[in-house]
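See structure below.
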Amino acid sequence: MASELPPVDSAQRSKAPGFIPRNAGLLLAALFLLGSWAWLMVELFQRRPPDVGYGATPPEVVAAMVEMAGLKDGDTVYDLGCGDGRLAIAAALRNPTVRGVGIDIDPDRVAVARDAAAAAGLTGRLRFRRADIFREDLSRANVVMMYLSTSVNERLRPQFDKLPPGSRIVSYAYSIPGVKPVQEKTVRGKDGVEHRMLLWVTPLKKDASP
């Protein structure tokens, strides 16, 4: 006659190998919904309108900005609001030891920049990411290049203060309010217009002029 097995209480059952709690499905569903919600929030945040409209930097200005940056071997260039990536690409082509990161909130621009880098054979040295420039940690950059606006440059000041000493910031057309540039330069475009560029070297110095 087969002997009856003693009943197993719930505490013993929960310790048994391979035991799956009755609410495991609910827990997994809750984790999935939480992850989906977080992803949706990131997507909605990153799909906010760009802070400045897209405008292509003229080729002669790109060349002058790269020259102005005084690239050194091993520099890491951050191209803020990178658009089609032409500033980072030009810097990487100028010096074969330079690496770069391009950041733009517009996914279409990021895709174009990646394609342009691939066409130039620079995929391994350049990365383009869809992200918010105001949330970026710039502490790994040696060079920052940008074509944004005066107000955006001012909002980026906290990130600029985290750059290593001796880092160069090059801006096309727009200043950083309250900060004195170490150099200003103009180049004449093919359209006959004078284009201004500004250079700062960290740590940034306040403008003492009235």
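The values are calculated or read from the model by the stated rules, or taken from the named source; none is laboratory data. Computed from a prediction, not measured in an experiment: that's the story for all the values here. Quick reminder, even Gly has a Cβ in these numbers, built from the backbone with ideal geometry, and neighbours come from all protein chains shown.
Annotations for the structure displayed:
- Scope the range 123-147; condition surrounded by fewer than 20 Cβ atoms within 10 Å (Cβ to Cβ) and hydrophobic (A, V, I, L, M, F, W, C); matching residues: 131, 134
- Across the range 148-162, the number of residues qualifying as in a loop (DSSP other than H, G, I, E, B) and surrounded by 13 or more Cβ atoms within 10 Å (Cβ to Cβ) comes to 4.
- In the range 163-180 there is no residue that is within 24 Å of residue 89 (Cα to Cα), at pLDDT below 95 and surrounded by fewer than 16 Cβ atoms within 10 Å (Cβ to Cβ).
- The range 1-101 holds helices (runs of 4 or more DSSP H) entirely within its bounds, and those carrying 1 or more residues that are touching an Asp or Glu at 6+ places or on another chain (Cβ under 7 Å) and modelled with pLDDT of 95 or more map to 86-94.
- Residue, nearest to residue 141 (Cα to Cα), within the range 153-203, restricted to residues that are of a type in the set (Gly, Ala, Ser) and free of Cβ contacts under 8 Å to residues at least 40 places away in the same chain: 167
- Pairs, first free of Cβ contacts under 8 Å to residues at least 40 places away in the same chain in the range 119-143, second exposed (fewer than 15 other Cβ atoms within 10 Å of the Cβ) and in a loop (DSSP other than H, G, I, E, B), C-beta under 6 Å, six or more apart: 139/162
- Filter result for the condition that a residue is assigned to a loop (DSSP other than H, G, I, E, B) and polar (S, T, N, Q), over 171, 175: 175
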